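A.B. asks: Below: one structure in structure tokens.
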């Protein structure tokens, strides 16, 4: 309820949600899906519609300059909510989470959650992506294998422990509150983000993650992963056909990248 | 002004601003500085204080688990505003910009600005950084020169044009409004962000940027760069000793990375 003298700002509350992303891989679309699934809020997932590819291509076309309200987008995932069109994964999550009950709607909590999410995506998405594409996104993996092997060595030895260590520190902080959660003593979109980051990294580097789990240094992180996986709505989603298997997206399983 | 029945939320309004970042390079701290400088708002820049290095080290220490309010931080820049401690550059900018008059304080505009800023930082900071450090941040440039040369070739040929093209599309959008600005017909922190991204990229890859400028495809982008550079407060800052010269930070000049 807005107070009587609150300014009237046009919002899209009540409008349907649409996710526009490439079909066939979980990719960067998956973090958006997890928010909708946990919240139990209906959404159209264009990756599973006949217009999946063409919807993305239309938005990212060099000819597309947006409209009077919306600037153009560079890449997917894209969120359409009524007349609003947003891109950039952490931005979409920031927009959605308070509306879906997965972040506070006022105060500074949203900035704490945003920084946790940005950090997790930096490590487990952006940096991880470049383990198989360290030279250029436009080249095949096969054309950058020696560089991928080098980068993966350091990613496994230095970067995964760094980002897991950070996540454990966040859990060890008083600001994380009671329970297994990252912030404020309750489930937020940061927890869902961590789940998908770790789930993908387990797929890409299974031996490395197993070893790090056995070290006992990140028990809170792995406990949180298990907790999210068993949330009723998340669990139902993961068991459903809506959950797309990993493939040639961000998270790829190339066993040679894990070999000593 | 809050409405009479607005909930009372504790804020740090009126508290002093402090930037905690490494001394000696503009680095990721520079985007934060530009907001303060344009707004004419006083801030303590610890990079220029005796405690510059130790302030960063204290925050990023593996022993630091934040406090009851603030989760711990992974890396600098760090913003301290009263009791609040934030990290992650795009998050700090998102927090500051509405308070400094460089973003709307309500409505969806802040999400459009955030997505533009995230995209610019993805291209001209994160991807650019890896042109000189494609294998590992922990290695010297000299130990990853062949890989750096390969990555730079694709960065120059594909990625700089991609991100400049995106920026020009944002300017061509009706949503950019009147004048040279990226969004809503007035100066915002997205414009300041673009300035610093392009300024650093010009330093790192001067020949490539000159060639792209001469192509005439990105005239709006270069005009916006010039406009921001001549803003009175920005110009005064750039001419002052407070502006730290580029060095061994994100933006480095290695002529061999530009050679054919």
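Coordinate-derived values only; no laboratory data. Predicted, not measured: the structure shown is a model, and the values here were computed from it. Every residue, glycine as well, gets a Cβ built from its backbone with ideal geometry; the counts of neighbours run over all protein chains shown.
A.B. asks: Report, as an integer, the average count of C-beta atoms from other chains found within 10 Å of each Cβ along B:114-121.
C.D. replies: Details: counts 7, 14, 6, 2, 8, 7, 1, 0.
The mean count of partner-chain Cβ atoms within 10 Å per residue comes to 6.
A.B. asks: Looking at the range B:17-99, what % of its DSSP beta bridges pair antiparallel, to the nearest 5?
C.D. replies: Details: 8 of 11 bridges.
About 75 percent, rounded to the nearest 5.
A.B. asks: Next up: Post the alpha-carbon centroid distance, the range A:108-129 to the range A:136-198, in whole angstrom.
C.D. replies: Each part's Cα centre sits 9 Å from the other's.
A.B. asks: At 7 Å along Cα-to-Cβ for each site, give me the label-to-label distance between residue A:207 and residue A:178 in nm.
C.D. replies: Distance between label points: 4.4 nm.
A.B. asks: Sticking with this structure for a sec: Can you give me the distance in nm between label points at residue B:226 and residue A:51, each placed 7 Å from the Cα along the Cα-to-Cβ direction?
C.D. replies: Using points 7 Å along Cα→Cβ, the separation is 4.2 nm.
A.B. asks: Would you mind calculating the gained length between residue B:254 and residue B:233 on full extension (0.36 nm times residue separation, minus the Cα-Cα distance), in nm to one decimal? Mind showing how you got there, number by number?
C.D. replies: On the way: separation 21, 0.36 × 21 = 7.56 nm, distance 3.09 nm.
Stretched fully, the residue B:254-residue B:233 segment lengthens by 4.5 nm.
A.B. asks: Could you let me know the centre-to-centre spacing of the range A:39-88 and the range A:202-260, using Cα atoms, in angstrom?
C.D. replies: 28
A.B. asks: Another one. Provide B:251, A:111, A:195 in ascending order of the number of other Cβ atoms located within 10 Å of each residue's Cβ, fewest first.
C.D. replies: Details: B:251 25, A:111 19, A:195 22.
Neighbour counts put them in this order, fewest first: A:111, A:195, B:251.
A.B. asks: Averaged over its residues, how many other protein chain Cβ atoms are within 10 Å of peptide B:69-81's Cβ atoms?
C.D. replies: Averaged over the peptide's residues, the number is 5.
A.B. asks: State, to one decimal in nm and shortest first, how far the label point of residue A:58 sits from each corresponding label point in the other identical copies (label point: 7 angstrom along Cα-to-Cβ).
C.D. replies: 5.5
A.B. asks: Per DSSP H run of at least 4 residues, take -39500 (n - 2.57); add these up for chain A, divide by its residues and hand me the 222 nm value, nearest 500 deg cm²/dmol. Present the calculation step by step, with values, prior to reporting the outcome.
C.D. replies: Working: 11 runs with 116 residues, N = 260.
After summing the helix terms and dividing by residue count, I get -13500 deg cm²/dmol.
A.B. asks: Could you pull the copy-to-copy label distances for residue B:143, with points set 7 Å along Cα to Cβ, in nm to one decimal and sorted shortest first?
C.D. replies: Going from nearest to farthest copy, the values are 2.9 nm.
A.B. asks: Given a Förster distance of 35 Å, report the FRET efficiency between residue B:69 and residue A:69 from their Cβ-Cβ distance, rounded to the nearest 0.05. Write out the running numbers ahead of the final one.
C.D. replies: Working: r = 36 Å, r/R0 = 1.03.
Taking R0 as 35 Å, the efficiency between residue B:69 and residue A:69 is 0.45.
A.B. asks: Count the DSSP beta bridges whose two residues both fall in chain A, then state the antiparallel fraction as a percent rounded to the nearest 5. The partial results should precede the final answer.
C.D. replies: On the way: 8 of 11 bridges.
Percent antiparallel among DSSP bridges in chain A is about 75.
A.B. asks: Here is a further query. Need one number: % antiparallel among DSSP beta bridges in the protein assembly as shown, to the nearest 5. Can you show the working numbers first?
C.D. replies: Values: 16 of 22 bridges.
Bridges in the protein assembly as shown are about 75 percent antiparallel.
A.B. asks: Under the rule a/c < 1.5 gives rounded, and otherwise a/b versus b/c splits prolate from oblate, where does chain A land using the Cα gyration tensor?
C.D. replies: Details: a/c = 1.88, a/b = 1.21, b/c = 1.55.
Note, shape of chain A comes out oblate.
A.B. asks: Here's another thing I want to ask about it. How far, in nm to one decimal, is residue B:245 from itself in the other copies if the label point is set 7 angstrom along Cα toward Cβ? Shortest first, please.
C.D. replies: Residue B:245 label point versus its equivalents elsewhere: 5.8 nm.
A.B. asks: Moving on. Go ahead and set up a Gaussian network model of chain A, Cα springs under 10 Å, then flag whichever of A:176, A:215, A:138 fluctuates most.
C.D. replies: A:138
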